[in-house]
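Q: The following block contains the structure, expressed as structure tokens.
The values are calculated or read from the model by the stated rules, or taken from the named source; none is laboratory data. The model shown is predicted, which means the values in this text are computed figures rather than measured ones. Cβ sites come from the backbone with ideal geometry, for glycine too, and all protein chains shown count toward neighbours.
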């Protein structure tokens, strides 16, 4: 399973926070302050420890919220699944029908796809760790990007070929203009003489 850089960073932050303020480390610092037997210094040290612990608690809360946001970003809600089912399935069905498959085959294929996109199945798959956005969304985005790039390249190639043909035509006209007999034949054939 690929772990995103954001989640890795959160894990490192969490580990660092846990290492800085383990219960034993805090207890050792409190005992060291008590051992000095200087009341003001002990109070200042305890206040510093409390301030650091509050800061660490805030960091842990931030990390937990960031983890939650990452998980929510990867999870499809039942509304998302319902929207996809209502809008994507008809498009898939149209593609299947236009691909030349007979209606029985199309119905059979749709019978296989529809249960996969049900709210229950999506929830079960997500609970098992399946990430639809990563598994389907990212490859689909890449595929569309490649299709657009290929079309742009084909269009560019068509434009280049057209320019090359125009250049050849111009060269042919120049060669024609240099041969008087060929020029006269051309003018007669084109109805301009």
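Q: Hey, can you tell me all the residues within segment 75-95 that are more than 22 Å from residue 109 (Cα to Cα) and either at pLDDT below 80 or surrounded by 12 or more Cβ atoms within 10 Å (Cβ to Cβ) (or both)?
A: Scanning segment 75-95 gives 75, 76, 77, 78, 80.
Q: Only one of these is touching a residue at least 40 places away in the same chain (Cβ under 8 Å) and over 30 Å from residue 189 (Cα atoms): 92, 119. Name it.
A: It is 119.
Q: Could we say that residue 37 is assigned by TED's automatic domain parsing to the domain that holds residue 9 and more than 30 Å from residue 17 (Cβ to Cβ) here?
A: Judged against the criteria, residue 37 is a match.
Q: If residue 72 meets every condition in (1) part of a helix (DSSP H, G or I); (2) closer than 25 Å to residue 5 by Cβ; (3) at pLDDT 80 or above apart from one, which number is that one?
A: (3)
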